[in-house]
């Protein structure tokens, strides 16, 4: 980056810290900022500062919120007896885009990862158990990632939730819509068979 000015190098380094942004993309973003109008740059800067100052986490489910309670928890049309447990707010957004789920959520803010030293007290498991012990929840749907950490989290949650008299389920994993069975990996096919349903 010797050909860039010092301020350009600093901006490229800052963009490079973002997840999924490599040096090449960071360079393109920095060049965009340089060539954008003053108004566009001011709007971008203002949006970043506003996001940082106004967005936090819901006091009930730990989803993204601009107040104490998120819009989903406040929504009177949602079924508050069904809670879908996810790893992060991005999972809530993905599930909401389907339009097929009308319950509420609990965001763990991570997954159990013994190899990285992340245990039950490092994520929002206690808060979930407190919500369930309050007595108004009838079903928990576990929707953690289909990886080792997600599986470990699912097993732990299932064990902890068994002491409550509620229904515990897990989202099905399997062959994506529009893909061919022959191209799916063995683990995906095994999950698809396990998660089969009557038709």
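What follows is calculated from the coordinates using simple rules that are stated; it is not laboratory data. Just so you know, these numbers come straight off a predicted model, no measurement behind them. Cβ: placed from backbone, ideal geometry, glycine included. Neighbour counts: every protein chain shown.
Here are the numbers for the structure shown:
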read-out	value
Overall dimensions of segment 64-194 as given by Cα atoms, namely Rg and Dmax in Å	15.6, 48
Cα gyration tensor shape for segment 3-134, rounded if a/c is under 1.5, else prolate or oblate	prolate
With Cα atoms, 0 to 90° folded angle of helix 148-161 axis to the chain main axis	40
Length gained when the stretch residue 126-residue 45 is fully extended (0.36 nm per residue, less Cα-Cα span)	25.5 nm
Calculated [θ] (222 nm, deg cm²/dmol) that DSSP helices of n ≥ 4 give over the chain, each run adding -39,500 (n - 2.57)	-13000 deg cm²/dmol
Taking the chain and dividing mean pair separation by its residue count, relative contact order in percent (alpha carbons under 8 Å, at least six apart)	12
Among 127, 116, 38: highest mean-square fluctuation, GNM of the chain, C-alpha pairs under 10 Å	38
Distance between segment 1-29 and segment 112-130 - C-alpha centres, whole angstrom	35
Model label zone, residue 166; criterion: amide N under 14 Å from point 7 Å along Cα-to-beta-carbon; scope segment 91-123	103-108
Gyration tensor verdict on segment 6-54 (Cα atoms; rounded if a/c is under 1.5, prolate if a/b is larger than b/c, oblate otherwise)	oblate
Inter-label distance, nm, simple model (7 Å from Cα along the C-beta direction), residue 13/residue 79	5.3
Rounded to 5, the percent of DSSP beta bridges in the chain classed as antiparallel	20
Cα-based helix-to-principal-axis angle, 23-35 vs the chain, degrees rounded to 10	60
Residue among 137, 49, 72 with the largest mean-square fluctuation in a Gaussian network model of the chain, springs linking Cα atoms under 10 Å	49
